[in-house]
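Student: I have a structure here, written as structure tokens, and I will follow up with some questions on it.
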Amino acid sequence: MKDCLFCKIIAGEIPGNKVFENDKVFAFRDINPQAPVHGLIVPKKHMDNILQCDAETAAALTEAVGEVARLEGVDESGFRVISNCGRDGAQSVNHLHVHLLGGVQLTEKMN
Ligand code: AMP
């Protein structure tokens with residue numbers, strides 16, 4: 001989608017620190033990491049947020065979470081996945097994405 005930051009990263013128009021890619025999903029490191037491991041997993045097809053996510057995309061994102069966790073070395077230690085949605089969810093980029101946070105003991109607090 002025109003003027004979408006993550007669409008531009010997927011298209012290679014803006015540099016992204018890629019971790020994983022397949023036909024449906026692109027994963028890259030967050031530019032402002034909030035944990036030692038902070039990946040963003042996004043569908044290649046533009047959708048604004050999780051409200052627009054279909055079952056096929058949800059499956060592809062879930063599989064990619066596992067791939068990224070293994071590639072980033074946190075599959076055994078554990079990690080957290082979050083998808084912010086809308087204003088109150090503090091979503092700042094309106095292209096569906098899943099944050100994968102790990103590499104440190106996270107707190108129980110989630111807000
Ligand atoms: P959210 O606030 O859930 O919409 O998350 C958007 C995330 O995108 C934030 O954690 C930002 O740090 C991250 N971000 C913004 N611009 C870039 C970029 N050019 N490359 C990688 N991550 C980015």
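Student: Determine, for 54, 23, 75, the number of other Cβ atoms within 10 Å of each Cβ, and report the residues in order from fewest to most.
Tutor: 23, 54, 75
Student: Determine, for 92, 83, the number of other Cβ atoms within 10 Å of each Cβ, and report the residues in order from fewest to most.
Tutor: Fewest to most other Cβ atoms nearby, the residues stand as 92, 83.
Student: Relative contact order, percent, of segment 40-101 when contacts are C-alpha pairs under 8 Å separated by at least 6 residues?
Tutor: Relative contact order for segment 40-101 comes out at 53 percent.
Student: Report the FRET efficiency, 1/(1 + (r/R0)^6), for residue 3 and residue 81, where r is their Cβ-Cβ distance and R0 is 25 Å, rounded to 0.05.
Tutor: 0.40
Student: Something else about it: Pairing rule first: another cysteine's C-beta must sit under 4.7 Å. Under that rule, which cysteines of the chain stay single?
Tutor: 53, 85
Student: With the radius of gyration and the Kirkwood radius both derived from the Cα set of the chain, what is their ratio Rg to Rh?
Tutor: 0.94
Student: What residues qualify as long-range amide H neighbours of residue 4, i.e. H under 5 Å apart, gap of 5 or more or another chain, H built at 1.01 Å from N?
Tutor: Hits under the 5 Å cutoff: none.
Student: Now for a different question. Springs between alpha-carbon pairs under 10 angstrom, Gaussian network model over the chain: which of 42, 81, 65 fluctuates most?
Tutor: Among 42, 81, 65, the largest mean-square fluctuation in the Gaussian network model of the chain belongs to 81.
Student: Okay, next question. Taking θ = phi - 60°, what integer Hz values does the Karplus form 6.51 cos²θ - 1.76 cosθ + 1.60 yield along segment 40-51, in sequence order, with x for Gly and Pro?
Tutor: 10, 10, 10, x, 5, 6, 5, 9, 5, 6, 5, 5
Student: GNM, the chain, Cα, under 10 Å: largest mean-square fluctuation among 89, 16, 73?
Tutor: Checking each option, the largest mean-square fluctuation is seen for 89.
Student: Here is a further query. Please state the shape class of segment 1-63: rounded when a/c is under 1.5, otherwise prolate if a/b exceeds b/c and oblate if not, all from the C-alpha gyration tensor.
Tutor: oblate
Student: Additional query: Give, as ranges by residue number, the residues of segment 23-54 whose backbone N falls under 20 Å from the point 7 Å along Cα→Cβ of residue 92.
Tutor: Only 27-43, 47-50 pass the distance filter.
Student: Between residue 44 and residue 22, 0.36 nm times their residue separation minus their Cα-Cα distance comes to what?
Tutor: Length difference between fully extended and current span is 7.0 nm.
Student: Hey, what did the chain get for relative contact order, percent, Cα under 8 Å, at least 6 apart?
Tutor: 30
Student: Could you pull out the trypsin sites (Lys or Arg not before Pro) across segment 1-74 that fall in loop regions by DSSP (anything but H, G, I, E, B) with no more than 13 other Cβ atoms inside 10 Å?
Tutor: 2
Student: If the cut-off is 22 Å between C-alpha atoms, which lysines fall inside it for residue 24, apart from same-chain ones fewer than 8 positions away?
Tutor: Of all the lysines, those that pass the test against residue 24 - Cα under 22 Å, at least 8 places apart if same chain - are 2, 8, 44, 45.
Student: A further question on this structure: Build a GNM of the chain with springs between Cα atoms under 10 Å: which of 82, 41, 50 gets the top mean-square fluctuation?
Tutor: Judging by the Gaussian network model, the answer is 82.
Laboratory data are not the source of any read-out in this text; all were calculated from the coordinates shown. Computed from a predicted structure; not experimentally measured. Cβ sites come from the backbone with ideal geometry, for glycine too, and all protein chains shown count toward neighbours.
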